[in-house]
Amino acid sequence: MSSALSFADDAANSPSRAGRAPYGNYRLGPAYDEMFAADGAPRPHYAALCDRLANLPPEELLRRQQACETSFLHQGITFTVYSDKQATERIIPTDLLPRIVTAAEWARIEAGLKQRILALNCFLRDIYSDGRVLKDGLLPRSMIYGSRHYRREMRALPVPHDAYVNVCGTDLVRREDGAFVVLEDNLRVPSGVSYMLANRDVVRRAFPGLFRSQGVRSIDHYPRELLATLRSLTPVREDVSIAVLTPGVFNSAYFEHAFLARQMGVELVEGRDLLVNDNIVYARTTSGLKRIDVIYRRIDDDFIDHLIFREDSSLGVSGLFNAYRAGNVVIANALGTGVADDKAVYSYVPRLIRYYLSEEPILENVETFLCREPKSLSHVLANLDKLVVKAVGESGGYGMLVGPHASKGEREAFAAKLKADPENYIAQPTIQLSTAPTLVDGGVEPRHVDLRPFILHGEKTVLVPGAFTRVALRRGSLVVNSSQGGGSKDTWVLSQ
Amino acid sequence: MLSRVADSLYWMSRYIERAEHTARLIAVKLEAMVEQSREDAESGWGRVIAALSAEQRLKGCTDTAAVVRELVFERLNESSLLSSLSFARENARQVREHLTVEVWENLNRLYLHLQSLDREENWRHNPSHLFRDALQALHALGGVTDSTLSHGEGWYFLEMGRHIERAQLVCRLLNLHFGPTQSIVPNTPTYFDWLVLLKFCSAFEPYCKVYTAAIRPEKIAEFLLFDAEFPHSVRFSIDRVCEALTRVAPAAPPGRRARVERLAGRLKASADFTQIDEVMRGSIARFLAEIADKCEQIHEAVYEAYITYGAETVL
């Protein structure tokens, strides 16, 4: 029996009252805690970790955490911070303690996400062809045709297997009641999968015994599955030439682009390596030009071809879109997928699932108020102090108001913006994301986390049993974005 | 292989070679100084500074700590050890997927280590120890590159970069000892300087095996220029460059290779068939300049044929 468990028995609601290292500061709040149940006893799938942590001296935990950070630094998993002409490289903070998901929870997540990506792909095919869903009045036309992510150029263009979104990273959060709900879909160029794999590498080394005894499912085949997905998109069967297209070494996700190219054994290219002649895409090699069949692009739509999209872009390739339209190259994800992941369309996804698949959604959405609807707008304005308001087309935690944490002045300023352009905003109740044990100053404390699994969709739909868990490292903070002080954790999906 | 990748590999390797050269010169010099008079020690720095192209920045500076700081850590000095390593690392980062974990981590670790030494300034206590360590790490990097990376086209670009750089650096070093460089270094070299020259090229023991410990300038020149087996001789480097040239761009049509191969053949002929007494009788400075110049021409021809060619020439 674990020590924390026995102590927690006498001190309901707060395992911290046990006062035993390393849980001296572990206070349960209103949020669902991944490790401890409300009565302070560790949940069964966390018991082994809970026990292990209680038996490790704090300096040993700290040593393992440092080993893990050094490993990231040496591997070059860093981003650059520029301040007074000194460029410093920092690692993305990574937390040693794994976040654990049970087999039953994962089964539900997997089924729910497969259902969701299927419906979203049906939706994309529909709005880029006949627009049946709009004729049936399920969503307002203006929401789609007025979206800045809708690409007219994609209309009536066939896409292999009707798979527009080939790589999707969906953010899930766990509500107070313990249910996983979808917070947002990332259908453009989702990143983070390299952290899923890199975290696994270091955490497996830090807790080898625990890892083996827990029956953690393997995720190492992700690059192979990604390669298979990309291959399935082209009719070319022999000598398929696949490339990962990166904006370059200054992009914050460059490590991931290089990592995936290396792990798949394909070429990593920049826009300047490619050229289009007679609607065929070539890479410049030492031996001459080499044809490219599939591009896994990690560049936004806007920058991919300056002849068609943004003129000022130098990251992409002139003529790429025409080669794509001619069917001579496959681009994954397809262009124009962003129209389906904005925050207004998000609120319709459960209805889209029913509409296209005639099924009930397996995973719920977070309750969402569309400010374009007058009734919702007045509700939002009246409850600004309780809600999170987000701009429809933004991501990465930008352009949002967290009502409960904002000052009166900030709320008033935001209310004015809302009234001026209600269509551009949605609002959601503040969700207490679940908390997971996290190493803080040698002790273990709860911190809020979300969960981003990656879904691959080509000829088949595949989920690797793992995810990028983001953690808000500041006490009490609910913002997990890496661009705003979030870190990451390894995610263990158990086989039973 | 992508042209951009070839470019980065080539430069990564040149910068690593430059870093190794810098580390060795300074390590050898610091160890040698212990046995030298103050005057000799100072003039010796003159040669090291000139060999590392830092004459302008270090004009009149005789303080050892300041010289070492400039040659090793100064970022504004583009040929300092830390700058070379930083350029090597930036190139490596751009082609990370073409390197093995071992190659990247060895390079990255060394860079981060030196950078932290610079910040802490505690290298001053025992500098020669530090450079021996750095040299050791660079040798390990070379070994790991040879033993973990496939010897395919990319590896041959690394090999080409390393040896083009090495040939040019050795030529420059020889010129500073044999050529008319009085303006830079007033003293004519002494016995001790010849010894140090051999050590600058990690050639002391290999030289003794061929010519015994009798130190004779002409033999040193012969060894460092024309020895076929010693890895830091100019001829050895040229051989490696020529071999690499037959292995890169395997699918390029013969027409594209013609100029590169012609230039390489000529350079190899002059390294293989020139005799040291001809060189010593004539102007050694001119001979060295010719070699360095031909290396430069090969570099340009390689770029034109494989890396910066216009797309219209191949469509």
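Any read-out appearing in this document is the output of simple, stated calculations on the displayed coordinates, not a laboratory observation. Source: prediction; values computed, not measured. With ideal geometry, Cβ positions are generated from the backbone for all residues, glycine too; neighbour counts draw on all protein chains shown.
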(message) Tell me whether region B:137-148 contains one or more residues that are under 30 Å from B:I284 (Cα atoms), in a helix (DSSP H, G or I), among the β-branched types (V, I, T) and in contact with a helix residue (DSSP H, G or I) (Cβ under 8 Å, 6 or more places away or on another chain).
(response) no
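Which one of these is touching a residue at least 24 places away in the same chain (Cβ under 8 Å), of a type in the set (A, V, I, L, M, F, W, C) and surrounded by fewer than 22 Cβ atoms within 10 Å (Cβ to Cβ): B:A88, B:A134, B:A54? So that I can check it myself, show each step before the final result.
Numbers: B:A88 fails: surrounded by fewer than 22 Cβ atoms within 10 Å (Cβ to Cβ); B:A134 fails: surrounded by fewer than 22 Cβ atoms within 10 Å (Cβ to Cβ).
Of the residues listed, the single one that is touching a residue at least 24 places away in the same chain (Cβ under 8 Å), of a type in the set (A, V, I, L, M, F, W, C) and surrounded by fewer than 22 Cβ atoms within 10 Å (Cβ to Cβ) is B:A54.
For every residue, the table says whether it meets (1) of a type outside the set (G, A, S); (2) more than 27 Å from the chain's Cα centre (by Cα); (3) crowded, with 23+ Cβ neighbours inside 10 Å.
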{"site": "A:Y195", "(1), (2), (3)": "yes, no, yes"}
{"site": "A:D201", "(1), (2), (3)": "yes, no, no"}
{"site": "A:H221", "(1), (2), (3)": "yes, no, no"}
{"site": "A:L233", "(1), (2), (3)": "yes, no, yes"}
{"site": "A:V249", "(1), (2), (3)": "yes, no, no"}
{"site": "A:L260", "(1), (2), (3)": "yes, no, yes"}
{"site": "A:D273", "(1), (2), (3)": "yes, yes, no"}
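Taking only region A:287-307 into account, find how many residues are on the phi < 0 side of the Ramachandran plot and part of a strand (DSSP E or B).
Narrowing region A:287-307 to residues on the phi < 0 side of the Ramachandran plot: A:287, A:289-307.
With part of a strand (DSSP E or B) added as a condition, the list becomes A:289-291, A:294-297.
Adding up the residues that qualify gives 7.
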(request) Being within 16 Å of the chain's Cα centre (by Cα) and assigned to a loop (DSSP other than H, G, I, E, B) is the filter; apply it to region A:454-484 and report the residue that is surrounded by the most Cβ atoms within 10 Å (Cβ to Cβ). (result) A:A467
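How do the strands (runs of 3 or more DSSP E) wholly within region A:155-255 filter down when requiring 3 or more residues that are without any contact (Cβ under 8 Å) to a residue 40 or more places away in the chain: which remain?
none
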(request) Could you please find all residues in region A:267-281 being within 9 Å of chain B (Cβ to nearest Cβ) and not in a strand (DSSP E or B)? (result) A:E270, A:R272, A:D273, A:D278
(message) Is it the case, given these coordinates, that B:L117 is crowded, with 20+ Cβ neighbours inside 10 Å, more than 10 Å from chain A (Cβ to nearest Cβ) and of a type in the set (A, V, I, L, M)?
(response) no
(request) Could you tell me which of the residues A:R262, A:R284, A:R351 is part of a helix (DSSP H, G or I), over 22 Å from A:R151 (Cα atoms) and within 14 Å of another protein chain (Cβ to nearest Cβ)? (result) A:R262
(message) Can you find, within region B:145-161, the residue that is nearest to the other protein chains (Cβ to nearest Cβ) among those that are of a type in the set (S, T, N, Q) and surrounded by 13 or more Cβ atoms within 10 Å (Cβ to Cβ)?
(response) B:T148
(request) Being over 24 Å from A:D171 (Cα atoms) and aliphatic (A, V, I, L, M) is the filter; apply it to region A:343-383 and report the residue that is surrounded by the fewest Cβ atoms within 10 Å (Cβ to Cβ). (result) A:A382
(request) Determine whether B:R281 is of a type outside the set (G, A, S) and farther than 25 Å from B:S8 by Cβ. (result) yes
(request) Go through A:F180, A:F211, A:F207, A:F250 for me and flag whichever is among the aromatic types (F, W, Y), within 14 Å of another protein chain (Cβ to nearest Cβ) and out of contact with any Cys (no Cβ under 6 Å at 6 or more places or on another chain). (result) A:F250
(request) Give region B:211-257 a look and list any residue that's more than 23 Å from the chain's Cα centre (by Cα), aliphatic (A, V, I, L, M) and under 20 Å from B:H177 (Cβ atoms), or say none. (result) B:A213, B:A214, B:I215
(request) Give the number of residues within region B:1-56 that are within 14 Å of chain A (Cβ to nearest Cβ) and not basic (K, R). (result) 11
(message) Looking at A:V402, A:V388 in this structure, which one is among the hydrophobic types (A, V, I, L, M, F, W, C) and surrounded by 17 or more Cβ atoms within 10 Å (Cβ to Cβ)?
(response) A:V388
(request) Might you check whether a residue that is touching a helix residue (DSSP H, G or I) at 6+ places or on another chain (Cβ under 9 Å), in a strand (DSSP E or B) and of a type in the set (A, V, I, L, M, F, W, C) occurs anywhere in region A:402-425? (result) no
(message) Condition first: within 14 Å of chain A (Cβ to nearest Cβ) and either touching a Pro at 6+ places or on another chain (Cβ under 7 Å) or farther than 14 Å from B:Y309 by Cβ (or both). Now tell me which residues in region B:234-250 satisfy that.
(response) B:A244, B:L245, B:T246, B:R247, B:P250
(request) Could you please let me know if B:R109 is facing chain A (nearest Cβ under 10 Å), under 18 Å from the mean Cα position of the chain (by Cα) and either of a type in the set (D, E, K, R) or part of a loop (DSSP other than H, G, I, E, B) (or both)? (result) no
(message) List the residue pairs whose Cβ atoms are under 7 Å apart, where the first residue sits in region A:127-140 and is among the acidic types (D, E), the second is exposed (fewer than 14 other Cβ atoms within 10 Å of the Cβ), and the two are 6 or more positions apart or on different chains.
(response) none
